[in-house]
Every structure is written in C-alpha cells, then in structure tokens.
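Below: one structure, written as structure tokens.
Laboratory data are not the source of any read-out in this text; all were calculated from the coordinates shown. Owing to the predicted nature of the structure, the values given are computational and were not obtained by experimental measurement. Note that we place each Cβ from the backbone using ideal geometry, even for glycine, and neighbour counts take in every protein chain shown.
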Amino acid sequence: MPTSYDVVIIGSGQAGNPLATAFAEAGRTVALIEENHLGGSCINYGCSPTKALLAAAERAHQLRTADEYGIRSTEPEVDFPAVIARKDAIVQRSRKGVRANLTEEHQGITVLHGHAAFSAPAPCRCS
C-alpha cells in the first residue's frame, strides 16, 4: 500500500466513487477514505433500501386492490422480517459491487476505512 497518493477522496458516495475511478483510469494513485459503509447514503439508507421497501408495499397494495380489476385475491400476509431481509440483501449486494468496482476493476485505488478530514488547503502546484 502506498504511503502517499496522488489523490485523496473522503467519502464513498455518488461523487467519490466515480471520481476515484476516473483518477485511477487516468493513472493516478487514489486513497478513498470511508468512515461507514461503501456506497454513500443512496445505497445504504436512501434510495436503494427505500425503493426495496416501497416495492414490497406496492405488491401488497396490488393484492389488496386486485378485486377492483376483477381479480379475486386474499388479504396479503406481510412477512416483515422477510421484507427487511430482502432489503438488506439488496444493500449488501450493492456494497459488494462498489467494493469490487473500486478495488478489483480499477488498479490504483486503495480503500481505507476510518474518519478523515482536510485540515489545511492543498498545496498549489501552479507554475
């Protein structure tokens, strides 16, 4: 693992991941530092888990209202632990996909887990 990098990115979210891969593809060494789970808010507690839960709710609603379309159905029995397990599996697959994209599919990216903050401006390498 290098002790210095061309680029340091804090956060593995919607901006950090594509930025890391773009720099790596340009031949730069990249350290991507993530305090929590890879993928940022969308994958971990925003878009993906919300859409997974909404999909289950939509299916239950369709069954509940099927009679309106001439389809006889029974009241669905929602297995909430199974709904949550499906959501968790989707999130886990997404995290693994992000990790593979960053570390297996792109040379030059090192993923570090921990808290990071910039404490001073970057030095100017201007001529």
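Among the residues of segment 90-111, write down those that are of a type outside the set (Val, Ile, Thr), more than 23 Å from Gly46 (Cβ to Cβ) and touching a strand residue (DSSP E or B) at 6+ places or on another chain (Cβ under 8 Å).
Answer for segment 90-111, where residues must be of a type outside the set (Val, Ile, Thr), more than 23 Å from Gly46 (Cβ to Cβ) and touching a strand residue (DSSP E or B) at 6+ places or on another chain (Cβ under 8 Å): just Gly108.
Starting from segment 112-123, keep only residues that are surrounded by 10 or more Cβ atoms within 10 Å (Cβ to Cβ), then list their pairs with residues that are polar (S, T, N, Q) whose Cβ atoms are within a distance under 6 Å, requiring at least 6 positions of separation or different chains.
Cβ pairs passing all conditions: none.
Identify the single condition in (1) closer than 21 Å to Gly114 by Cα; (2) touching a helix residue (DSSP H, G or I) at 6+ places or on another chain (Cβ under 7 Å) that Pro18 does not satisfy, given that it satisfies every other one.
Just one mismatch for Pro18, condition (2).
Tell me which residues, restricted to segment 1-18, are part of a loop (DSSP other than H, G, I, E, B) and touching a Phe, Trp or Tyr at 6+ places or on another chain (Cβ under 9 Å).
Listed by number, the list holds a single entry, Asp6.
So, Ser4, is that one out of contact with any Pro (no Cβ under 7 Å at 6 or more places or on another chain) and surrounded by 18 or more Cβ atoms within 10 Å (Cβ to Cβ) or not?
no
Of (1) out of contact with any Lys or Arg (no Cβ under 7 Å at 6 or more places or on another chain); (2) in contact (Cβ under 8 Å) with a residue 24 or more places away in the chain, Val7 satisfies all except one. Which?
Unmet for Val7, out of (1) out of contact with any Lys or Arg (no Cβ under 7 Å at 6 or more places or on another chain); (2) in contact (Cβ under 8 Å) with a residue 24 or more places away in the chain: (1).
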